[in-house]
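What follows is one structure encoded as structure tokens, with my remarks underneath.
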Amino acid sequence: MQVVIDSISAIDTAAKTLTGQAAAYSYHTAVLALGSVTTYFGIEGLDTYSFGIKSQEEIRKLQEHLWKEMSDGSDDEKHYVIIGGGPTGVELAGGLGEYILRLREHFGIKKKKISISLVEAAPRLLPRNTEATSKRARQRLKELGVHVQVNCKVEKQTATELVINGKPLATQTVIWTSGVANAPFYKANEAQFTLNERGKVNVDKHMKAAPHVYVIGDNANTPFAGLAQTALHDAVFVAKHLNGSTKRYTVKSQPSVVPIGEKWAVFEYGKIQFGGRLGGMMRSLADLVGYHDMLPIGWAMKTWRMQGKKQLKLPEKLES
Ligand SMILES: Cc1cc2nc3c(=O)[nH]c(=O)nc-3n(C[C@H](O)[C@H](O)[C@H](O)COP(=O)(O)OP(=O)(O)OC[C@H]3O[C@@H](n4cnc5c(N)ncnc54)[C@H](O)[C@@H]3O)c2cc1C
């Protein structure tokens, strides 16, 4: 197998070629799994001032900013605002306070008051989950000292404030976890694909979007696209199809596990729904399964155990 690092910008499904920045590539079969990108829905200032967590580069920038903020020598209260009450925003809100305290301890930074808000436009958190799960998540965040604001629409961001429902809120750290759009490649090559109203690619019963072209994972218009488990399920399906299987694609409903703070998670799979340490254990086991999807069992176990050791004790409250 040859691995090529390049960014593709165009496809010609008739000529069976892909155009990259470095070269053009001809293919017999193409499997496209380009993932999602951040979108700001045109909200002024977010693209300039907010932080994202969708790539290593975005996370590095946020980490640097958090550390600088903690060590600027002032006693000012620091207010962190996370926008988006979906799984990513809820998980981040539950873990950010702990991370900041770890930073303080690690660098010996003197204590300063911090507060964390989670802002969601819908009437409740985790809108794709049940109301019971949503309530559990909100209660857990409250216990961790996170201020949850629902029915709140972000309208604008400047360097020093965020405007929510017409009211300004002073903050220098806004983390945008909302707004996921399909990879722009498909819009740019719209003539070659059929896209749905959200820009996802329609695929047939074998995940083909065009002759000799499969589209999988976040990119495909399937009910559970947007989850890592779905991306793996799709990849396994296409691998089997390429090896001669004639089975049609079946949708696989996925359990939803959202960690909120250390060793705690809400769990939902059909009628089985709960929140607590058992949820945290389920999440931890899911991580092990995820590692084993990519690594031999011994190596997966080692990576999993190391992940457990890195975790620090979660403080009861964020404020010091
Ligand atoms: C912060 C965050 C937390 C998440 N947490 C969870 C979770 O807990 N559980 C869960 O199930 N899912 C989670 N997800 C979603 C999950 O990560 C995705 O559903 C999954 O990664 C999708 O897999 P994929 O293979 O379709 O795309 P990706 O994993 O996004 O991979 C796409 C790859 O294609 C590359 N690419 C893009 N465009 C081009 C181009 N033009 N040319 C070449 N390469 C290109 C990208 O650089 C990327 O490496 C999370 C996502 C985020 C952002």
Tally, over the stretch 155-207, of residues that are within 30 Å of ILE116 (Cα to Cα), within 16 Å of the ligand (Cβ to nearest atom) and not aliphatic (A, V, I, L, M): 5
Test result for ALA159, of a type in the set (A, V, I, L, M), under 22 Å from GLY226 (Cα atoms) and not assigned by TED's automatic domain parsing to the domain that holds GLU262: no
Scope the stretch 70-120; condition under 19 Å from the mean Cα position of the chain (by Cα) and on the phi > 0 side of the Ramachandran plot; matching residues: GLY84
Strands (runs of 3 or more DSSP E) (entirely within the stretch 58-156) containing at least 1 residues that are within 27 Å of ALA228 (Cα to Cα) and out of contact with any Ser or Thr (no Cβ under 8 Å at 6 or more places or on another chain): 114-119
Residues of the stretch 126-182 that turn out to be over 25 Å from VAL266 (Cβ atoms) and in contact with a His (Cβ under 9 Å, 6 or more places away or on another chain), as a count: 5
Of all residues in the stretch 208-237 being more than 9 Å from the ligand (Cβ to nearest atom), assigned to a helix (DSSP H, G or I) and among the hydrophobic types (A, V, I, L, M, F, W, C), the one that is nearest to LYS54 (Cα to Cα): VAL236
Verdict on ILE164 being in contact with a helix residue (DSSP H, G or I) (Cβ under 9 Å, 6 or more places away or on another chain) and surrounded by 16 or more Cβ atoms within 10 Å (Cβ to Cβ): no
Among the candidates GLY84, GLY89, GLY95, GLY73, residue that is assigned by TED's automatic domain parsing to the domain that holds GLU120, within 25 Å of ASN129 (Cβ to Cβ) and at pLDDT below 95: GLY95
Only one of LYS240, LYS252 that is of a type outside the set (Gly, Ala, Ser) and either within 14 Å of the ligand (Cβ to nearest atom) or buried (at least 16 other Cβ atoms within 10 Å of the Cβ) (or both): LYS252
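The values are calculated or read from the model by the stated rules, or taken from the named source; none is laboratory data. What you are looking at is a predicted structure, and each value in this text was computed from that prediction instead of being measured. A quick note on method: Cβ atoms are made from the backbone with ideal geometry, for glycine too, and the neighbour counts reach across all protein chains shown.
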